[in-house]
Amino acid sequence: MNKMLDRSRIIIYLCFMNKLPIAKKVQIINMLVEGMSLRAASRISGCSINTITKLLVDTGKACQSFHDEQVHSLNSKRIEADEIWSFVYAKQKNVESIVNSEVDKAGDVWTWTAIDADSKLIVSWFVGDRDAETAYTFMKDVKNRLNNRVQLTTDGHKAYLNAVPDAFGSKIDYAMLIKIYGEPAGTNATDRKYSPGDCTGFEKKRIIGKPIAEQVSTSYVERQNLTMRMHMRRFTRLTNAFSKKMENHCYAIALHFVYYNFAKIHKTLRVTPAMEAGITKIPMEIEDIVRLAD
């Protein structure tokens with residue numbers, strides 16, 4: 001019993017001194033990438049919430065740089081792009097009621113993602129508004145990571161109509177998949193609040209080049225939205241685990257995508273997306289991700 005108490009005191013002391021042993025860092029990062037909240041990770045690891053947050057920030061910064069260094073010069077054939085909603089500190093409709101003047105960048109936030117439909121690699125991601133300027137910045141980053149002409153599919157968001165040709169010019173085969181939604185059958189007002197509308201149809205619209213109609217799809221990138229919500233607690237709906245700072249929101253996303261691209265074995269591919277794309281030959285371990293910050 002005394003040995004257990006002594007070990008606990010050592011762990012708490014190391015956490016307080018911000019000198020976590022590598023095994024403890026691996027444990028914490030493993031919990032975060034599997035969808036656990038910061039406070040839950042704090043309770044289980046025995047470290048303070050400030051220590052957990054600092055580890056997330058340091059690792060997230062390193063993951064941002066690592067993604068930029070590794071994910072480029074890709075020979076992709078099909079790219080799917082989409083945007084996923086979340087919010088920082090408060091939803092947009094409640095921002096005006098915030099009395100804390102120190103909270104900036106509060107409100108709705110959109111994470112734009114582009115996935116290689118064949119390797120399932122996240123080619124690019126960008127956090128910002130859902131406007132034309134953000135769309136262009138995102139699409140420009142996607143283009144800069146590609147070596148060749150690709151077929152691109154997005155949803156019907158109008159910001160893409162200018163962003164894609166401005167970024168790619170005519171050197172792309174681009175189509176929109178416009179979905180048509182209706183009210184879910186046999187639902188009441190309460191059910192409707194928690195249930196999305198039923199997709200009653202869709203339209204494939206050619207925008208640039210000669211996209212192959214059979215390959216016009218957003219299925220993989222929409223499935224990636226679910227993966228994000230499952231692996232990042234701050235993306236879970238109807239909870240209080242939302243991001244409180246924009247910077248930490250971005251660091252958590254950067255950590256997730258390095259874990260997803262380089263460490264997580266894809267169930268269908270049986271390798272990581274980075275291995276399937278030819279970027280790496282073996283999967284990264286959580287310890288490798290932790291050591292990026294060193």
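Within the straight-line cut-off of under 29 Å between alpha carbons, the lysines reachable from residue 264 are 19, 24, 25, 54, 61, 77, 120, 140, 143, 244, 245, 281, sequence neighbours fewer than 8 places apart in one chain being disregarded.
Heavy-atom accessible surface of the stretch 54-121, averaged per residue, reaches 47 Å², computed with a 1.4 Å probe. Considering only 140, 54, 267, the Gaussian network model of the chain with Cα springs below 10 Å gives its largest mean-square fluctuation to 267.
Counting only the Cα atoms, the stretch 115-159 fills a convex hull of 84 Å³ per residue.
When the alpha carbon gyration tensor of the chain is reduced to an equivalent ellipsoid, the three semi-axes, largest first, read 36, 24, 18 Å. Less than 5 angstrom separates the built amide H of residue 87 from those of 109, 243, all sequence-distant by 5 or more or on a different chain. Straightening the chain between residue 268 and residue 287 buys 4.4 nm, computed as 0.36 nm per residue apart minus the Cα-Cα spacing. On a per residue basis, the stretch 212-294 carries 53 Å² of accessible surface, using protein heavy atoms and a 1.4 Å probe. Strictly greater than 14 Å: what percent of every Cα pair in the stretch 87-152 meets that? Above the 14 Å cut-off, the stretch 87-152 has 65 percent of its Cα pairs. Taking R0 as 30 Å, what FRET efficiency do you get between residue 204 and residue 230 from their Cβ-Cβ distance, rounded to the nearest 0.05? Step by step, r from the Cβ atoms, then E = 0.55. Above 11 Å, the calculated P(r) of the stretch 56-96 contains 77 percent of its Cα-Cα pairs.
Here is what passes the span test in the chain: the DSSP H helices with alpha carbon length of 27 Å or more along the helix axis and a Kyte-Doolittle mean of -1.0 or above are 49-70. Using only Cα coordinates, the Kirkwood hydrodynamic radius of the stretch 236-294 works out to 13.0 Å.
A full extension of the chain between residue 179 and residue 85 corresponds to an added length of 32.1 nm, given 0.36 nm per residue minus the alpha carbon distance. Legend: calculated FRET efficiency, residue 131 to residue 34, from the Cβ-Cβ distance at R0 = 25 Å, rounded to 0.05, equals 0.15. For the stretch 203-280, the spread of Cα coordinates along the three principal axes comes to 44, 33, 21 Å, biggest extent given first. Take the Cβ-Cβ distance between residue 105 and residue 171 as r, set R0 to 30 Å, and report the resulting FRET efficiency rounded to the nearest 0.05. Efficiency, from the Cβ-Cβ distance: 0.30. Solvent-accessible area assigned to carbon and sulfur over the chain amounts to 51 percent, based on a 1.4 Å probe.
A straight chain from residue 219 to residue 73 at 0.36 nm per residue would run longer than the Cα-Cα distance by 50.1 nm.
The values are calculated or read from the model by the stated rules, or taken from the named source; none is laboratory data. Keep in mind it's a predicted model, so treat the numbers as computed, not measured. Note that we place each Cβ from the backbone using ideal geometry, even for glycine, and neighbour counts take in every protein chain shown. Areas reflect the complete protein model, heavy atoms only, side chains present, ligands, DNA and RNA absent. Shrake-Rupley method; radii C 1.70, N 1.55, O 1.52, S 1.80 Å.
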